[in-house]
Amino acid sequence: MEKIASFTIDHCHLLRGIYVSRQDTVGTETITTFDIRMKEPNNEPVLGNGAIHTIEHLVATYLRNDKDWKDQIIYWGPMGCLTGNYLIMKGDIKPADIVELLKRAFQFVVDFQGDIPGATPMDCGNYLLHDLPMAKWESKKYITEVLDVIKPENLVYPIKK
């Protein structure tokens, strides 16, 4: 069987950042899937289940309500490896185009107060698995260590050697 594209990325040299995972054409639309990598794979502890679940709820809520981008947001959700999230958007969009959007989204997590949207038994299949303090901590770390100082190497996948 042929390897899927995401398994051809050199995870031993992958930095935290924003990467185009793939682009697809659906009808006449380009769909861009982003790899929002918050942790260096196999090099640092992964995101805790409660933290990534809370980040999922809060960032998805933010993105789907952002006045400039909401009509282009298709999906936001966690990676199975717990090192980041996938963002799927309508359009031929480059990583640099969404840095400011992601800064705002992760700052929303950092500043969030109150009840986590969708964290009720009626709305979520595992509503008790949330960790807002760690979601805030991980989001602040991602903003300050990655998004605020983004470099070209945080925007283009490393070439597999």
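Bear in mind these aren't lab numbers, they're just calculated from the coordinates by the rules spelled out. It should be emphasised that the depicted structure is a prediction, and the values quoted were computed from it without experimental measurement. Quick reminder, even Gly has a Cβ in these numbers, built from the backbone with ideal geometry, and neighbours come from all protein chains shown.
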(request) Being in contact with a Phe, Trp or Tyr (Cβ under 9 Å, 6 or more places away or on another chain) and closer than 17 Å to LYS39 by Cα is the filter; apply it to the range 110-137 and report the residue that is surrounded by the most Cβ atoms within 10 Å (Cβ to Cβ). (result) ALA135
(request) Could you pull out the residue among PRO158, PRO117 that is in a loop (DSSP other than H, G, I, E, B), touching a residue at least 24 places away in the same chain (Cβ under 8 Å), farther than 18 Å from ASN85 by Cβ and out of contact with any strand residue (DSSP E or B) (no Cβ under 6 Å at 6 or more places or on another chain)? (result) PRO158
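Yes/no per residue for (1) exposed (fewer than 15 other Cβ atoms within 10 Å of the Cβ); (2) farther than 16 Å from ILE88 by Cβ; (3) among the basic types (Lys, Arg):
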site	(1), (2), (3)
LYS3	yes, yes, yes
LEU14	no, yes, no
ASP24	yes, no, no
HIS53	no, yes, no
(message) Filter the range 77-102 down to the residues that are within 14 Å of VAL20 (Cα to Cα) and part of a strand (DSSP E or B) and list them by number.
(response) GLY84, ASN85, TYR86, LEU87, ILE88, MET89, LYS90
(message) So for the range 142-150 (the condition being among the acidic types (Asp, Glu) and either touching a helix residue (DSSP H, G or I) at 6+ places or on another chain (Cβ under 7 Å) or more than 20 Å from LEU47 (Cβ to Cβ) (or both)), does at least one residue qualify?
(response) no
